[in-house]
Amino acid sequence: MLIKFYIKPRKGVLDPQGRAVSESLKSLGFSDVKDVKVGKYIEVYIENKDKEKAIEEAKEMAKKALVNDLIEDYEFEVVE
């Protein structure tokens, strides 16, 4: 089973990488760019388990190891 994590800075948190990408895109002529957020994408493969257990494990992984909940928001999906 695969768990896909999508992690990005919280709204209102300074994102220097996002700002650098935004400025770079603007300098290349993409004047419509308003804002950019740079985040993380993480894939975690686990042994076959039921989906409900995988969801609970994903929440624990995010809380204990993958996400800094003070400055990051996240979503995940479990793919069988």
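The values are calculated or read from the model by the stated rules, or taken from the named source; none is laboratory data. Owing to the predicted nature of the structure, the values given are computational and were not obtained by experimental measurement. Glycine gets a Cβ as well: all are built from the backbone with ideal geometry, and neighbour counts include every protein chain shown. Ligands, DNA and RNA are excluded from the accessible area calculation, which covers all protein heavy atoms including side chains. Shrake-Rupley method; radii C 1.70, N 1.55, O 1.52, S 1.80 Å.
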For the chain, with a Gaussian network of springs between Cα atoms less than 10 Å apart, report the residue from Ala62, Ala20, Ala54 with the top mean-square fluctuation. Ala20
Say we join alpha carbon atoms closer than 10 Å with springs in a Gaussian network model of the chain; which of Leu28, Leu70, Leu14 then has the biggest fluctuation? Leu28
Heavy-atom accessible area per residue, the chain, 1.4 Å probe: how many Å²? 76
Counting only the backbone N, which residues of the stretch 1-22 are under 15 Å from the spot 7 Å out from the Cα of Asn48 toward its beta-carbon? 1-2
Does the chain classify as rounded, prolate or oblate by the C-alpha gyration tensor (a ≥ b ≥ c root eigenvalues; a/c under 1.5 gives rounded; else a/b over b/c gives prolate, otherwise oblate)? prolate
Using 0.36 nm per residue, how much length does the chain from Val33 to Lys59 gain when fully extended, once their Cα-Cα distance is taken away? 6.1 nm
Suppose a student asked you for the relative contact order of the chain, using Cα pairs under 8 Å spaced at least 6 residues apart; what percent would you report? 54
Treating the angle as unsigned and between 0 and 90°, give the value, to the nearest 10°, between the Cα long axis of helix 51-61 and the longest Cα principal axis of the chain. 50
Please compare each pair in Lys40/Lys63; Lys8/Lys53; Lys37/Lys64 to a cut-off of 20 Å on the Cα-Cα distance and tell me which ones are over it. Lys8/Lys53; Lys37/Lys64
Computing the accessible area with a 1.4 Å probe over protein heavy atoms, can you report the carbon and sulfur percentage for the chain? 52
Order Glu80, Glu43, Glu52, most accessible first, counting only protein heavy atoms with a 1.4 angstrom probe. Glu80, Glu52, Glu43
When the chain is treated as a GNM, springs tying every alpha-carbon pair under 10 Å, which of Glu47, Glu57, Glu23 comes out with the largest mean-square fluctuation? Glu47
Where Ile3, Ile46, Ile71 fall by accessible area, highest first, once all protein chains stay in place (1.4 Å): Ile71, Ile46, Ile3
